[in-house]
Number of protein chains: 2
Amino acid sequence: MTGGLPKGEVFSADCPSRRLLGEVTSKWGVLVLVALREGPLRWSELLRRIGGVSEKMLARTLRSFEAEGLVLRDARPVVPPHVEYSLTEAGHEVTARLVPLVAWAEEHAVRTSGAGDRAHG
Amino acid sequence: MTGGLPKGEVFSADCPSRRLLGEVTSKWGVLVLVALREGPLRWSELLRRIGGVSEKMLARTLRSFEAEGLVLRDARPVVPPHVEYSLTEAGHEVTARLVPLVAWAEEHAVRTSGAGDRAHG
DNA sequence: CAGCATCCGAGAAGATACTG
DNA sequence: CAGTATCTTCTCGGATGCTG
């Protein structure tokens, strides 16, 4: 029994879901998806918003998401280039599942970063 | 506005939530947590269940989760060693948020793996 | 402004052998 | 059974420079 998972095939080393899961849970992947969930953003906006990301990693992340069908790239041929990235429907689906996780991490980071976690209450 | 996140501090490069998030979304981290959510498992059971994991990575993952307070290690001093790992309450919290994500990945892996959604190279 | 190519170091990750 | 120790390989990811 896998108890909630469709089949529990992620536990197989060669299951394709492993790769997909790895991409959306990658260091910059989650942040890109979460950043885009409120609406389309431009390249430079993403770069500023996601603290610490390099151009290389942002580009790599966006391109793989684009190939995966999670992110849509809208490049307009104006003379200062204008490119916007947005979530596809699939992108919104996965991001919706990502947000509670990120929220949890933000809430619990304070506990684990300090020393004592005294449970009272 | 962060739209749903507590503060959206994950976007700051030095936010402690980054590290925590990185651990629970790590390649083997998600699988360990999800595997444990149905109940305690022994070392060897985890090793078999999680296809492709090495002893080293399983040990490392388990130990960091233990330090993080997500996993509980119960070692009984019997002569063939018997050690069980289980989720703490915090572990169950985060795993509950992880499962929908894994389920999504399993469902979508089939589409993205072989499907002909690739225009033409 | 929006990207890509290249080089390079650090750490992740794997295989295997060994131990209590 | 449940790990640890060690060695090697490989990927991630940062810095930089170039292009349209």
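Out of curiosity, is B:LEU47 in a helix (DSSP H, G or I) and surrounded by fewer than 21 Cβ atoms within 10 Å (Cβ to Cβ)?
yes
Quick check on this structure: which one of A:ARG48, A:ARG73 is within 14 Å of DNA strand C (Cβ to nearest atom), modelled with pLDDT of 95 or more and of a type in the set (D, E, K, R)?
A:ARG73
Residues of the range B:54-86 being within 13 Å of chain A (Cβ to nearest Cβ) and in contact (Cβ under 8 Å) with a residue 40 or more places away in the chain, which ones?
If the condition is that a residue be within 13 Å of chain A (Cβ to nearest Cβ) and in contact (Cβ under 8 Å) with a residue 40 or more places away in the chain, then B:SER64, B:PHE65, B:GLU68, B:LEU70 are the ones that fit.
Of the residues in the range B:70-80, how many are part of a loop (DSSP other than H, G, I, E, B) and within 13 Å of the chain's Cα centre (by Cα)?
Summing the residues that are part of a loop (DSSP other than H, G, I, E, B) and within 13 Å of the chain's Cα centre (by Cα) in the range B:70-80 gives 1.
Among the residues of the range B:81-89, is any modelled with pLDDT of 95 or more and part of a helix (DSSP H, G or I)?
Yes, some residue in the range B:81-89 is modelled with pLDDT of 95 or more and part of a helix (DSSP H, G or I).
Got at least one residue in the range B:53-69 being surrounded by fewer than 16 Cβ atoms within 10 Å (Cβ to Cβ), within 15 Å of DNA strand C (Cβ to nearest atom) and outside any helix (DSSP H, G or I)?
Yes, the conditions are met somewhere in the range B:53-69.
Please find, within the range A:16-34, the residue that is farthest from the chain's Cα centre (by Cα) out of those that are at the interface with chain B (Cβ under 7 Å from one of its Cβ atoms) and of a type outside the set (Val, Ile, Thr).
The residue in question is A:PRO16.
With the requirement that a residue be farther than 16 Å from B:SER12 by Cα, small (Gly, Ala, Ser) and crowded, with 18+ Cβ neighbours inside 10 Å, what does the range A:90-108 give you?
Hit for the range A:90-108 is A:GLY91, nothing else.
Being within 13 Å of DNA strand D (Cβ to nearest atom) and not acidic (Asp, Glu), is that true of even one residue in the range A:66-76?
yes
What is the residue count in the range B:26-53 for residues that are in contact (Cβ under 8 Å) with a residue 60 or more places away in the chain and among the β-branched types (Val, Ile, Thr)?
Qualifying residue count, the range B:26-53: 2.
I'm trying to understand the selection: among the residues of the range A:44-53, which are within 13 Å of DNA strand D (Cβ to nearest atom) and within 13 Å of another protein chain (Cβ to nearest Cβ)?
Result: A:LEU47, A:ILE50, A:GLY51, A:GLY52, A:VAL53.
The values are calculated or read from the model by the stated rules, or taken from the named source; none is laboratory data. Values in this document were obtained by computation on a predicted structure and should not be read as measured data. Quick reminder, even Gly has a Cβ in these numbers, built from the backbone with ideal geometry, and neighbours come from all protein chains shown.
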